[in-house]
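These notes are about the structure you will find just below.
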Amino acid sequence: MAPKRIGLARALSKMGYCSRSQAAVLIGAGKVTLNGTIVRDAETPVRVANGRLAERIEVDGLPLDKKQPVYLVMNKPRGVVTTASDEKGRETVYDLLDPGLPWVGPVGRLDKASEGLLLLTNDSEWAAAITQPASHLDKKYHVQVDSVANAELLAKITRGCVVEGDSLRAKGARLLRHGDKNSWLEITLDEGKNRQIRRLLESLGVQVLRLVRVSIGSLALGDLKKGLARQLTQEEKNAIDRALEREVFP
C-alpha cells in the first residue's frame, strides 16, 4: 500500500504531542523540522505508512516519538473553561490536571456554566470517533430548569425545533424530580451541537439553572469528585470502543 500524506500539524496531533492548533503555532515559530529542514507551513505533507510516520520530525531539536495513549475522565466544575489557555485569565481544565501528564485534549466541550463528565486524551483518532456525528454515542445530562416540567414540555424537547436555522432535538427526556418552582430532567443527546440543550430549552421558554453531563455511552460519572480526573480503566475504554464500532461501523 502506498504511503498516504497528512499535514504536519495533524501529524504532531496524531502522535499525541499537542493539539493541531498548538502544533500550527510551533511550526509557524520555526520550532519544527521535517527531515532536518525547518518548516513553517502547518499543512506541509508528511508521509504515513502502515500507521507510522515515514519522515523524521523534530521539535526544538528533539525527535518526535509517539506518546503512550492517555485516556482520562474528569468531573469538570462549573465556572471552569475547556481550553488550554484563556485570554480572560479564567481557570481552565488544564489547571486541574497533574503537571506530570503528557498533553491531552478535551473530547468535545462543556461550556463554562456546564459541569460533569469530560473526557481528555492524546489519542486524536479516538476523540474524533467519539465526537463525529456518525457515532450517535448517547450522552446523558441532568438539567435543572426554572419551571415544573410536564409531559407536554418533555414531548417538545424530543420533538425538537429549529433555532436560527439549526434543527435541535433530544433523543430522550424524562422528569427526575421537581419542587414547587423548578425541576430536574434527564436529557439524552446522540449528537453534539454547540450549547444544544441550552438553546433548545431557551427556545421553549425554559431557563437552565444547572447542567451536568453524567454519562457518555456506558461510562458514568459516578462518585468522581468535582475537579478531579482519573484514568479510564481498560474495561471502560473497551466498552466505549465496542459502542463506537457498533455505531460508526454498523
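Couple of notes before you dig in:
- Matching residues, the range 26-50, being of a type in the set (A, V, I, L, M, F, W, C) and farther than 13 Å from residue 9 by Cα: 38, 48, 49
- Some residue of the range 180-197 being in a strand (DSSP E or B), of a type in the set (S, T, N, Q) and not assigned by TED's automatic domain parsing to the domain that holds residue 159: no
- Whichever residue in the range 48-90 is charged (D, E, K, R) and assigned to a strand (DSSP E or B) and, among such residues, is nearest to the chain's Cα centre (by Cα): 76
- Selection count where residues are free of Cβ contacts under 8 Å to residues at least 24 places away in the same chain, surrounded by 12 or more Cβ atoms within 10 Å (Cβ to Cβ) and at positive phi, scope the range 152-175: 0
- Each residue in the range 90-115 was checked for being closer than 11 Å to residue 80 by Cα and not polar (S, T, N, Q), and 11 pass.
- A Cβ distance below 6 Å, combined with a sequence gap of six or more or placement on separate chains, defines the contacts here; from the range 31-47, residues that are free of Cβ contacts under 8 Å to residues at least 12 places away in the same chain and assigned to a strand (DSSP E or B) reach residues that are small (Gly, Ala, Ser) and loosely packed, with under 15 Cβ neighbours inside 10 Å in the pairs 38/30.
- Taking each residue of the range 176-204 that is touching a residue at least 12 places away in the same chain (Cβ under 8 Å) and looking for partners that are buried (at least 16 other Cβ atoms within 10 Å of the Cβ) and in a helix (DSSP H, G or I) with beta-carbon atoms closer than 6 Å, six or more apart or interchain, yields 187/197; 204/156.
- The residues on offer are 149, 134, 129, and the sole one that is surrounded by 14 or more Cβ atoms within 10 Å (Cβ to Cβ), outside any loop (DSSP other than H, G, I, E, B) and either at pLDDT below 95 or in contact with a Cys (Cβ under 7 Å, 6 or more places away or on another chain) (or both) is 129.
The values are calculated or read from the model by the stated rules, or taken from the named source; none is laboratory data. Values in this document were obtained by computation on a predicted structure and should not be read as measured data. Methodologically, a virtual Cβ is constructed for each residue, glycine included, from the backbone with ideal geometry; neighbour enumeration extends over all protein chains shown.
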